[in-house]
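A short write-up of the structure that comes next.
The values are calculated or read from the model by the stated rules, or taken from the named source; none is laboratory data. Since we're looking at a predicted model, the values are computed, not measured. Heads up, the Cβs are rebuilt from the backbone with ideal geometry, glycines too, and the neighbour counts pull from every protein chain shown. Areas reflect the complete protein model, heavy atoms only, side chains present, ligands, DNA and RNA absent. Shrake-Rupley method; radii C 1.70, N 1.55, O 1.52, S 1.80 Å.
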Amino acid sequence: MNSLPKLLVIGNARHGKDTVCDILRDEFGYSFRSSSDFCAEKFIYAALKDKYGYTSYAECFEDRHNHRAEWYDMIHAYCKDDYARLGREIFAENDIYCGLRNKSEFHAMKNTNVFEYAIWVDRSDHLPQEDESSMSLEIWMADYVIDNNGTLEDLKRNTRELVMRLVADHRDAIQNQISLGRLRSFGTQFRVS
């Protein structure tokens with residue numbers, strides 16, 4: 001078991017998800033990948049380059065905000081036969097999946113233990129919620145909420161405090177599993193017939 005819990009960082013567009021992931025990478029050593037970046041590289045750029053005249057993957061990725069509903073539908077179609085597929089692929093190489101937007105994919109990943117905790121990043125005092133055509137998750141679905149309605153320093157503090165507790169709890173859980181395994185092993189060695 002990894003000493004860092006697998007985190008799903010979710011929330012509305014431009015509410016600070018990538019910033020939170022940057023903080024986690026810089027301060028805790030997490031690796032992360034956004035679903036948009038992963039999917040642009042894997043299949044979206046190839047599918048949209050002629051339609052929008054993109055000359056590079058980076059250009060396609062930077063223009064994603066202008067085509068949110070189309071990206072949402074393409075990513076959902078990629079997962080149609082296995083809603084946890086994208087999550088498993090991202091988590092195979094990363095500690096954090098940043099930017100999931102579809103509730104069917106969320107539930108499939110949660111039900112198959114693809115991640116340990118879902119964290120919602122909220123900046124709703126300053127920015128609107130995303131339209132349902134590109135976001136079907138809701139704040140209540142997350143295990144934790146990070147308030148991003150203050151300054152960058154507030155966001156860093158809020159992120160740091162939450163994740164320090166999550167990492168400590170995760171390490172305790174690992175230690176408890178190791179101890180339980182030793183007890184089971186000890187019990188089988190000294191079985192009385």
Quiz item: In segment 48-71, is there at least one residue being over 25 Å from LYS156 (Cα atoms), among the small types (Gly, Ala, Ser) and under 12 Å from the mean Cα position of the chain (by Cα)?
Solution: no
Self-check item: Search result, residues across segment 120-168 that are touching a residue at least 12 places away in the same chain (Cβ under 8 Å), open to solvent by 70 Å² or more (accessible area, probe 1.4 Å) and not in a loop (DSSP other than H, G, I, E, B)
Solution: ILE139, VAL145, ASP147, LEU152, ARG160
Self-check item: Residue satisfying all of: in segment 82-102; under 10 Å from the mean Cα position of the chain (by Cα) and of a type in the set (A, V, I, L, M); nearest to LEU7 (Cα to Cα) among these
Solution: ILE96
Quiz item: Restricting segment 99-118 to residues that are charged (D, E, K, R) and part of a helix (DSSP H, G or I), which is surrounded by the most Cβ atoms within 10 Å (Cβ to Cβ)?
Solution: GLU105
Exercise. From CYS39, CYS21, grab the single residue that is crowded, with 22+ Cβ neighbours inside 10 Å, in a helix (DSSP H, G or I), out of contact with any helix residue (DSSP H, G or I) (no Cβ under 7 Å at 6 or more places or on another chain) and not hydroxyl-bearing (Ser, Thr, Tyr).
Key: CYS21
Quiz item: in contact (Cβ under 8 Å) with a residue 12 or more places away in the chain, open to solvent by 50 Å² or more (accessible area, probe 1.4 Å), of a type in the set (D, E, K, R) and not in a helix (DSSP H, G or I), is that true of GLU93?
Solution: yes
Quiz item: Can you spot a residue in segment 63-79 that is more than 21 Å from ASP22 (Cβ to Cβ), assigned to a loop (DSSP other than H, G, I, E, B) and either open to solvent by 30 Å² or more (accessible area, probe 1.4 Å) or at pLDDT 95 or above (or both)?
Solution: yes
